Structures are given as C-alpha cells and as structure tokens.
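The values are calculated or read from the model by the stated rules, or taken from the named source; none is laboratory data. All values derive from a computational prediction rather than experimental measurement. Backbone-built Cβ (ideal geometry, glycine too); neighbour counts: all protein chains shown. Accessible surface is based on the protein model in full, side chains and every heavy atom, while ligands, DNA and RNA are left aside. Shrake-Rupley method; radii C 1.70, N 1.55, O 1.52, S 1.80 Å.
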Amino acid sequence: QVQLVESGGGLVQPGGSLRLSCAASGSIFSISAMGWYRQAPGKQRELVAAITSGGSTNYADSVKGRFTISRDNAKNTVYLQMNSLKPEDTAFYYCNLGFFGNSYWGQGTQVIVSS
C-alpha cells in the first residue's frame with residue numbers, strides 16, 4: 001500500500017516562491033515515476049511536472065523556467081520548487097506515483113497566489 005502526503009502549500013504573493021513536498025510510504029518510490037498535478041476551481045486536473053525513476057523531467061509549458069521538480073530517493077520524497085508564482089498558479093496541487101499501471105494520489109495541498 002502506497003500513501004502520499006503533500007505539504008508546503010499556502011498563501012504567497014505574486015512573484016514569491018513555495019516548495020511543495022510529497023512523502024511516500026512503501027518500498028517502490030525509487031523505481032516509480034512521480035508527478036505533480038494541479039486543479040484550479042472549475043478546471044480539469046492538469047500535469048504540472050513529472051520525473052522518472054531515472055531523473056528525467058518534463059514540465060507543462062505554463063511553468064517551464066519557473067518550477068523545478070526533484071526527488072530524494074533516500075527520503076522517499078519528491079519536491080516541487082515554485083518560483084515567480086502567478087495568480088494563475090492558484091490551485092490544489094496533488095502528488096502522483098505511477099508504478100506499472102497503478103496510480104496513487106495524495107490528498108492535495110492548496111496554493112493561493114494573491115496580493
């Protein structure tokens with residue numbers, strides 16, 4: 001059983017930064033793909049950033065150059081460093097673990113970008 005727990009969300013002013021963390025239980029973290037998704041009110045959930053077990057990354061065009069995904073396999077944790085935040089980044093952010101067709105989700109953490 002895999003459990004994912006996100007943390008690090010909050011209220012930040014435009015142009016500010018936040019770092020989200022997602023801690024995973026279980027023994028498959030290091031061999032799993034990890035992703036950060038977000039869902040704004042009235043919108044579909046979208047992929048923000050992903051990282052493979054080997055460390056390859058990809059990003060949504062809207063966050064390229066501002067967000068960085070990384071992982072620490074020793075801590076079973078994936079991070080999302082968010083810089084130059086914009087009001088349109090406001091959303092619930094969810095961590096996802098993908099392993100051989102199985103998909104696990106965290107409960108989400110809210111990010112609000114507002115002055």
request  = Only loop residues by DSSP count here, and only those with at most 13 other Cβ atoms within 10 Å; note down the chymotrypsin sites (Phe, Trp or Tyr not before Pro) in the range 57-111 that meet that.
outcome  = PHE100
note = The alpha-carbon center of the range 1-46 and that of the range 58-115 are separated, in whole Å, by 4
message = Per 0.36 nm of contour for each residue apart, how much would the distance between SER56 and ASN83 grow if the chain were fully extended, relative to their Cα-Cα spacing?
response = 7.7 nm
remark   = Judged on accessible area alone, 1.4 Å probe, highest first, GLU46, GLU88 line up as GLU88, GLU46
remark   = the chain accessible area per residue, 1.4 Å probe, protein heavy atoms, integer Å², reads 52
note = In whole Hz, the Karplus estimates of ³J(HN,Hα) for the range 32-39 (6.51, -1.76, 1.60; θ = phi - 60°; x where Gly or Pro) are 10, 7, 10, x, 10, 10, 9, 9
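Would the range 50-115 count as rounded, prolate or oblate if I go by the C-alpha gyration tensor, calling it rounded below 1.5 in a/c and otherwise prolate when a/b exceeds b/c, oblate otherwise? Could you put the intermediate results ahead of the total?
Working: a/c = 2.01, a/b = 1.56, b/c = 1.29.
Prolate shape, in that a/c is at least 1.5 and a/b is the bigger ratio.
For PHE99 and LEU11 in one chain, what is 0.36 nm times their gap in residues minus the Cα-Cα distance, to one decimal in nm?
28.5 nm
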inquiry  = Below 8 Å, C-alpha to C-alpha, sequence gap of six or more: please give me the relative contact order for the chain in percent.
reply    = 37
